[in-house]
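A.B. asks: Okay, handing you the structure first.
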Amino acid sequence: MANELILTTTGRRTGLPRSTHVLYGQRGDDIVVVASNGGRANDPQWYRNLLADPDVGVQVGDNPLRARARTAAGTERDDLWQMMVADFPPYADYQRSLEREIPVIVLEPVE
């Protein structure tokens, strides 16, 4: 089962911090999240925020860190998608019911 983190983005309209709980997986030092929005037709607001400003805060348990977000593409996306579906199978159901491709995001820790 996937674990949960707190992702803090900067609101693209307000400039204010916006935090949300998101399931995540790990690949080496990178953290992987999926912008499924619970299978809804639109991308979640947090994803739109990180597209506007990819510098995010991440809280995993008691460990806060800063990260830079990027959307995975191509075979990297496919591999990470399979990893995340293995941890949380409903993602596959969400994707089958949608016209949009659900984004897979890599959060790369920064110093």
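The values are calculated or read from the model by the stated rules, or taken from the named source; none is laboratory data. Bear in mind the structure is a predicted one, so any value in this text is a computation, not a measurement. Quick reminder, even Gly has a Cβ in these numbers, built from the backbone with ideal geometry, and neighbours come from all protein chains shown. Ligands, DNA and RNA are stripped out before the accessible areas are found, and what is left, the full protein with its side chains, is counted by its heavy atoms. Shrake-Rupley method; radii C 1.70, N 1.55, O 1.52, S 1.80 Å.
A.B. asks: For segment 65-82, give me the residue count where each residue is of a type outside the set (Phe, Trp, Tyr) and within 13 Å of the chain's Cα centre (by Cα).
C.D. replies: Final tally of qualifying residues: 8.
This table checks each residue for (1) in a strand (DSSP E or B); (2) more than 24 Å from Glu101 (Cβ to Cβ); (3) not β-branched (Val, Ile, Thr).
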{"site": "Ile6", "(1), (2), (3)": "yes, yes, no"}
{"site": "Val32", "(1), (2), (3)": "yes, no, no"}
{"site": "Leu50", "(1), (2), (3)": "no, no, yes"}
{"site": "Gly57", "(1), (2), (3)": "yes, yes, yes"}
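A.B. asks: While we're looking at this one, here's another question. Test Ala92 against the criterion of being surrounded by fewer than 14 Cβ atoms within 10 Å (Cβ to Cβ), among the small types (Gly, Ala, Ser), modelled with pLDDT of 95 or more and in a helix (DSSP H, G or I), and give yes or no.
C.D. replies: Numbers: surrounded by fewer than 14 Cβ atoms within 10 Å (Cβ to Cβ): no; among the small types (Gly, Ala, Ser): yes; modelled with pLDDT of 95 or more: yes; in a helix (DSSP H, G or I): yes.
Spelling it out, it is not the case that Ala92 is surrounded by fewer than 14 Cβ atoms within 10 Å (Cβ to Cβ), among the small types (Gly, Ala, Ser), modelled with pLDDT of 95 or more and in a helix (DSSP H, G or I).
A.B. asks: While we're here: Among Leu80, Leu107, which is within 23 Å of Val58 (Cβ to Cβ), in contact (Cβ under 8 Å) with a residue 24 or more places away in the chain and part of a helix (DSSP H, G or I)?
C.D. replies: On inspection, the qualifying residue turns out to be Leu80.
A.B. asks: Can you tell me which residue in segment 31-79 is least open to solvent (accessible area, probe 1.4 Å), limited to those that are in contact with a strand residue (DSSP E or B) (Cβ under 7 Å, 6 or more places away or on another chain) and of a type in the set (Asp, Glu)?
C.D. replies: By that ranking, first place goes to Asp53.
A.B. asks: Just to check your reading of the model, which residue among Pro103, Pro109 is over 13 Å from the mean Cα position of the chain (by Cα) and either at pLDDT 95 or above or closer than 21 Å to Thr10 by Cβ (or both)?
C.D. replies: So the residue among Pro103, Pro109 that is over 13 Å from the mean Cα position of the chain (by Cα) and either at pLDDT 95 or above or closer than 21 Å to Thr10 by Cβ (or both) is Pro109.
A.B. asks: Report yes if Arg18 is of a type in the set (D, E, K, R) and within 12 Å of Pro109 (Cα to Cα), otherwise no.
C.D. replies: Numbers: of a type in the set (D, E, K, R): yes; within 12 Å of Pro109 (Cα to Cα): no.
Taking the combined requirement at face value, the residue does not satisfy it.
A.B. asks: Let me ask something else about it. When you go through Leu50, Leu65, Leu80 one by one, which is the residue that is among the hydrophobic types (A, V, I, L, M, F, W, C) and over 25 Å from Arg12 (Cα atoms)?
C.D. replies: Values: Leu50 fails: over 25 Å from Arg12 (Cα atoms); Leu65 fails: over 25 Å from Arg12 (Cα atoms).
The match here is Leu80.
A.B. asks: Out of the residues in segment 8-30 that are of a type in the set (Val, Ile, Thr) and in a strand (DSSP E or B), which is surrounded by the fewest Cβ atoms within 10 Å (Cβ to Cβ)?
C.D. replies: Thr20
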